[in-house]
Amino acid sequence: MLEIKNLHVKIADEDAEILKGIDLVVPQGEVHAIMGPNGSGKSTLAYVIAGREDYEVTDGDILWNGNSILDMDPDERAAKGVFLAFQYPMEIPGVAGLTFLRTATNAVRKKRGQDELTTPQFMKLVKEKAASLNIDVDMLKRPVNVGFSGGEKKRSEILQMAMLDPSLCVLDETDSGLDIDALRIVSDGVNALRGPDRAMLVITHYQRLLNHIVPDKVHVLAHGKIRKSGGKELALELEKSGYAEFQKDAA
């Protein structure tokens, strides 16, 4: 279970707070959505959970399965099961996707005390995972994300998620830059990875993603705090009314 307690965060070497007391609980087996206007702190929350070093936590805590992860490096958090899917996945010229994915998979397995995969074992597993997610494994023969469409980049991340087998998945605006067909394919991949032992936090501006990845709960983040929580119907309300109510409440 993910527990975020009174989390206050600012950018390192700056004074202004971005997150101003976040309280959030996401049980295992559930998908929660974070919605909110630009500048509300949604991506900051994702980055802080993953351990990005540009941010400073000034108060509060983040617990995963009862243990604080704030003092863990990003690779330690990954070994504990934390995975972040980026809004804009990075390109890595000169590094084939298969090489990148095998290195990442074996690094996480080693941290978890598991045996590293041999090349034949890795290839068998990656082909099985790709087939189950309707992803063309041939894309991994190309340099990581170089020349990829938005949909290809996101499908590549979904395959990474399947291979790394995280128990906490944070998806930062995974619908960004996707057309309708790509959105459906990526959402199908995410839904295929839902399960009783995996919690998901889906961050998005728009309700359209939540037509495909139906959340158990929706939270509105505005001006650095959770302003309202509710069921999936809250996303439909936001689509109609926008965020003006929460901007006013925070003023």
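For Glu91, put the label point 7 Å out on the Cα→Cβ axis and report which residues of the range 111-147 keep their amide N under 20 Å from it.
What the label zone holds, given the 20 Å backbone N cut-off, is 138-147.
Which of the GluC sites (Glu not before Pro) found in the range 1-67 are loop residues per DSSP with 12 or fewer other Cβ atoms within 10 Å of their Cβ?
Details: sites: Glu3, Glu14, Glu17, Glu30, Glu53, Glu56; in loops: Glu14, Glu30, Glu53.
Answer by residue number: Glu14, Glu53.
Between Thr103 and Thr118, what is the spin-label point distance in nm, taking each point 7 Å from the Cα along the Cα→C-beta axis?
Label at Thr103, label at Thr118, 2.3 nm between them.
Please list, by residue number, every one of the trypsin sites (Lys or Arg not before Pro) in the range 103-146 that is coil in DSSP and has at most 15 other beta-carbon atoms within 10 Å.
Arg112
Just report the Cα centroid separation between the range 55-94 and the range 96-165, whole Å.
19 Å
Going by the alpha-carbon gyration tensor, a ≥ b ≥ c the square roots of its eigenvalues, is the chain rounded (a/c under 1.5) or, if a/c is not under 1.5, prolate (a/b greater than b/c) versus oblate?
Taking the square roots of the gyration eigenvalues as a ≥ b ≥ c, the chain is prolate.
Can you tell me the length gained on complete extension of the stretch His212 to Met1, counting 0.36 nm per residue apart and subtracting the Cα distance?
Contour length minus the Cα-Cα distance gives 73.6 nm.
Shape of the range 114-198 from its Cα gyration tensor (a ≥ b ≥ c, root eigenvalues): rounded if a/c is under 1.5, otherwise prolate when a/b > b/c, or oblate?
Oblate, because a/c is 1.5 or more while a/b does not exceed b/c.
Each value in this text was obtained by applying a stated rule to the coordinates, not by laboratory testing. What you are looking at is a predicted structure, and each value in this text was computed from that prediction instead of being measured. We place every Cβ from the backbone using ideal geometry, glycine too, and count neighbours over all the protein chains shown.
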